[in-house]
Amino acid sequence: MKNRALFSYALAYLAFLYVPVLVLPVFSFNNSEFIAFPLSGFTTRWYGALAGDTAMQHALGNSLKVGLVTALLSTLLGLTAAKAVTHYRLRGAGAALGFISLPLFIPDIVLGISLLLLLGASGLPLSLAAVVLGHMLVCVPFALTVLIARFEGFDRNLEEASADLGEDGWMTFWRVTLPLMLPGIVASLLLTFITSFDEFLVAYFLSGTEATLPIYIWGQLRFPERLPMVLALGAIILTASVGLVVLAEYIRNLGVKKPMVGA
Amino acid sequence: MADRGRNFREGYALLAPTLAVMGLALAAPLLLMAITSLKSQSGISFSEGWTLSHYGEVLGRASYRSLFLRSVLISGAVTLVTVALAYPMAYFVAFHARRKFIWLVALTIPFWTSYLLRVFAWKIILGFNGVINSGLMRLHLIDQPLEFLLYNPFAVVVTLAHAWAAFAILPIYVSLEKIDRSLLEAASDLGDSRFRRFLRVTLPLSMPGVIGAAILIFVPTTGDFVTPQLVGGTKGTMIANIIEVQFNAVGNWPLGAALSLVSMAMVGVIASLFVAAARAATRAAR
Amino acid sequence: MSFLSISQVSKSFGGPPVVDRVDLEVQRGEFFSLLGPSGCGKTTLLRMIAGFEPPESGAIAIDGEAMNHVPPHLRPTNMVFQSYAIFPHLNVFDNIAYGLRKLKLPKQTLRARVEAMLATVRLEGLGTRAADQLSGGQRQRVALARALVREPKILLLDEPLGALDKRLRETMQLELRALQRQVGITFVLVTHDQEEALSLSDRVAVMEGGRILQVASPRDLYERPSSRAVADFIGEINFFHATVREIGGETATVNAGLLGIVTLPRANLAAGIKTGDHILLAIRPEHVRFASDGVAGDIAAATFLGERSHIHVSIAGRSDPISISASGAPATGPVHLAFPPEKLMGLPAGD
């Protein structure tokens, strides 16, 4: 009835989401330089070509480095801010949170350019470090959202119970707070890593001579003969990202059943 | 409960590093951008003196004005299409899906691919020799490739609607999920049909999610130059393309800064008006 | 010297005091309750004993030691939280053993103690159960066991039975009482349920607005309340305005309006009442008698409750009906009521 129509819609919508994405793997195995039907047979030579592409591998390394550092720093900053806002009744907490979330509502191009200006004015060079800073701007709001949600579902009585049972501040953190926060921390790390890894606009303005992977891909899009290789790269990234996301969700739901136990 | 009353300083100390970094990386640069937009430019470097001429150019040139308009219209269309398409999907998962977790993961997986490649995928799909055209021709449904698919605002809207779908689904889903089911039962008990109940209870209560999604999509899409550049052609250029050009090819940073700030201000005003209007409409509908 | 001594303790959260110059003495081995409506300050007081809130003024001492600067993890108290606060990432055994870890006991000893405690709270065999697979009653017992296994000097309980359904609550009340007798530890319980406080405790402190109204045994609270607030809070009661005419050696005579001139035992008057004072005469519903003559009235409503009936009788000249609890009483019609003077209490009318 109503359910059937809605269900069909859901499936159609899902198809709309997946079809463009499936173009990547399908044509990455296609034995032709032209991305069009009919398909010309199966090949893995594009994947093979990736192995020899040192520029791509260098860019990949850069993206991993930037992603890792961004993830760690954003999660750390998100963690302290989330704890501050949920555990203490601070005046102006709302304004502070709004300010920290501002990058979500400013076009990335503006973020990238304004940082570019800052670097120019302070004489600092464009570099991967600058990209990290830019990515942190974008990622901290995400980390904050995940971690605040996690802190709010956390029964504060648990820390008091631990103190009541004889553990001082540090041991309470180690035995109760940290284990219960860990899934949220891991989720935040993964989310910020993936966001940074995929981020193009800000990196485009700030990276200088060192390219991140999206910048490398952007450069390749001009050359039709390199297209299948780019698709192969995309297919690999897709698979790896899917794996990471599933892992993140699995970890995030460990040890926490909804609603929060203890009540 | 324990630390609420005391140890304010600890709390502020915890908050300080994050605020400091965000302040440094956000406030200072934006300020700088404002300053830059007021500088005079001669050739490719700054010259002495301050000027409002860049703002004059931004607001005065008809081509810029029409570009602003087009960008707003395209982003508006994207927002509308994305939210409208996402709402039934989110509704399905919130009310009718049994394994919600799996649906949500399935819905977010496409977005964990490179954004560039997703845009490029649409270029491939919509192109002259692309997937749709070659497929349709192979099936002998058309003789000539369809030309209206690519290099125009239509392509931009389709591509962006696809790219930002997750940002619509998740906020709408969350606000639908939060609706107390007993409210719906009460509405039925008081005589509403399913459709009326949807209009009078579900839709208004999900408005915060819808408004949030709309803002989350509208604002960033105005600043995207990747999609217009890859699939927009000349007819689908947006303001961000011009800004990008000022900073790279042309080197007129003050003009670029002025363009950025004007577009940000414009977008901010439109977004605020939208939120105010949506809130007023929701209140009036009761 | 008493075991737990609270002197002139006050606390406010930026407004009027939540706990207002409270003095309290709890004896060793007592089952003591703090009773009062929501917002009366009883939970705050409990948390100050536990060390989670510092008093603004006043001192708390346990077994002779001052506690004012002692943090919660070093105090000889343990608390059962209202929400139980069971650690979700540990199973039952590890939850109970949590506070013993830092003692670095040999493995056998630790195990034996936890197992013994599991038996005491009747959860044997559930040591490996996960925290989220426990029923409400089981969670409550784990919280108890976890606190008791550390053998604290005082066990603090914050409305521990509030989340349980009625039958379970009554069972748990009996178990709690038996448990306290068995382990001999001083219990301080906070509750808003007066039946609970009366049935469990050796002594009860009734609180209101941050102040202690009266501290007494359950019987004394019921039969000799010191003020209108206490009398009203504990069980049902009927009030009559009266003026004291004369106070003699053994008796006192009061002018009680509708009841006429009444002479009651002097012991039934609250302390501090003098001749000429405006007072409230109070009598419990179960002490009002139906008689052949006396104050005339009409039965307004009667509720049959099995063994007894609850009857409201309206009297001319009085807006509130009289509450009566009797068995085998008439259900309608005109009646006469008698108020045995030895059951009348005299309370100050001030508050």
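Tell me whether the protein assembly as shown comes out rounded, prolate or oblate; compute the Cα gyration tensor, take square roots of the eigenvalues as a ≥ b ≥ c, and use a/c under 1.5 as the rounded threshold.
Verdict is prolate for the protein assembly as shown.
Nearest 10 degrees is fine. How inclined is helix A:227-252 to the longest principal axis of chain A, computing both from alpha carbons?
Here the helix axis deviates by roughly 20 degrees.
Among DSSP beta bridges whose residues both lie in the protein assembly as shown, state the antiparallel percentage, nearest 5.
75 percent
If you fit an axis through the alpha-carbon atoms of helix C:166-183 and take the longest principal axis of the Cα set of chain C, what angle between them do you get, 0 to 90°, nearest 10?
With both axes taken from Cα atoms, the answer is about 70 degrees.
For the range C:181-206 and the range B:226-286, what is the centre-to-centre distance using only Cα atoms, to the nearest Å?
67 Å
Given charges of +1 on the Cβ of Lys and Arg and -1 on the Cβ of Asp and Glu, with all other atoms neutral, how large is the dipole of the range B:111-193 about its Cα centre, in debye to the nearest 20?
520 debye
With chain B treated as a Gaussian network of Cα nodes joined by springs under 10 Å, which of B:LEU139, B:LEU126, B:LEU14 yields the largest mean-square fluctuation?
Result for chain B, Cα springs under 10 Å: B:LEU14 fluctuates most.
Name all residues of the range B:246-262 having a backbone nitrogen under 19 Å from the label point set 7 Å from the Cα of B:SER40 along its Cα→Cβ direction, giving them as ranges.
Output list for this probe position: B:252-258.
Rounded to the nearest Å, what's the spacing between the alpha carbon centres of the range B:134-169 and the range C:110-160? Just the number, please.
First find each Cα centre; the distance between them is then 64 Å.
Give me the dipole magnitude in Debye, nearest 20, for the protein assembly as shown about the Cα centre, with unit charges on the beta carbon: positive for Lys and Arg, negative for Asp and Glu.
Working: 75 positive and 65 negative charges, 287 e Å.
Roughly 1380 debye for the protein assembly as shown.
Only helices at least 24 Å long along their own axis, judged from Cα atoms, and with Kyte-Doolittle mean hydropathy of -1.0 or greater: name those in chain B from DSSP H.
Once both thresholds are applied, what remains is B:62-91, B:203-222, B:253-285.
How far is helix C:107-120 tilted off the main Cα axis of chain C, in degrees rounded to 10, range 0 to 90?
Rounded to the nearest ten degrees, it is 20.
For B:ASP180, A:ASP198, which order do you get if you count the other beta carbons within 10 Å of each Cβ and list the fewest first?
Ascending number of Cβ neighbours within 10 Å: B:ASP180, A:ASP198.
With a/c under 1.5 counting as rounded, go ahead and sort the range A:188-244 into rounded, prolate or oblate using the C-alpha gyration tensor (a ≥ b ≥ c being the square roots of the eigenvalues; past the cut-off, prolate if a/b is larger than b/c, else oblate).
Values: a/c = 3.30, a/b = 1.17, b/c = 2.82.
Note, shape of the range A:188-244 comes out oblate.
Residue farthest toward the positive end of the dipole of the range A:65-159, with Cβ of Lys/Arg at +1 and Asp/Glu at -1: which of A:SER74, A:LEU128, A:ILE113?
My answer, from the dipole projection, is A:SER74.
Modelled label-to-label distance, B:HIS96 and A:ASN3, 7 Å Cα→beta-carbon offset: nm?
Result: 0.9 nm between the two label points.
What residues qualify as long-range amide H neighbours of C:ALA291, i.e. H under 5 Å apart, gap of 5 or more or another chain, H built at 1.01 Å from N?
Residues meeting the amide H criterion: C:HIS336, C:LEU337, C:ALA338.
As a footprinting exposure proxy, order B:GLU177, C:GLU53 by other Cβ within 10 Å, with the fewest listed first.
B:GLU177, C:GLU53
Put a dot 7 Å past each Cα toward the Cβ at C:ASP132 and C:ASN68; how far apart are the dots in nm?
Taking the simple label geometry, C:ASN68 and C:ASP132 are separated by 4.6 nm.
As I understand it, the dipole of chain C uses +1 on the Cβ of Lys and Arg and -1 on the Cβ of Asp and Glu, about the Cα centre. Which of C:LEU110, C:ILE86, C:VAL313 lies farthest toward its positive end?
It is C:LEU110.
Going down the table (A:LYS83/B:LYS178; C:LYS107/C:LYS153; B:LYS123/B:LYS178), which pairs top 31 Å between alpha carbons?
Numbers: A:LYS83/B:LYS178 24 Å; C:LYS107/C:LYS153 24 Å; B:LYS123/B:LYS178 38 Å.
Where the Cα-Cα span goes over 31 Å, the pairs concerned are B:LYS123/B:LYS178.
Can you compute the charge dipole magnitude of chain C about its Cα centre, using +1 on each Lys and Arg Cβ and -1 on each Asp and Glu Cβ, nothing else charged? Give it in debye, rounded to the nearest 20.
Here the size comes out at about 1300 debye.
Please report the antiparallel percentage of the DSSP beta bridges confined to chain C, to the nearest 5.
Here the antiparallel bridges make up roughly 75 percent for chain C.
Please order B:SER272, C:SER325, C:SER7 by the number of other Cβ within 10 Å, starting at the fewest.
Neighbour counts put them in this order, fewest first: B:SER272, C:SER7, C:SER325.
Which of the three applies to chain B, rounded, prolate or oblate, going by the alpha-carbon gyration tensor with a ≥ b ≥ c and a/c under 1.5 meaning rounded? Let's see the in-between values first.
Working: a/c = 1.99, a/b = 1.17, b/c = 1.70.
It is oblate, given that a/c is not under 1.5 and a/b is not larger than b/c.
If one computes the Cα centroid of the range A:94-125 and of the range B:186-200, what distance in Å separates the two points?
46 Å
Under 17 Å from a point placed 7 Å out from the Cα of A:GLU152 along the Cα-to-Cβ direction: which residues of the range B:181-217 have their backbone N that close?
Correct set: B:206-213.
Quick note: the coordinates plus some simple rules give every number you see, no bench work behind them. Please read all numbers here as calculations on a predicted model, not as lab measurements. Quick reminder, even Gly has a Cβ in these numbers, built from the backbone with ideal geometry, and neighbours come from all protein chains shown.
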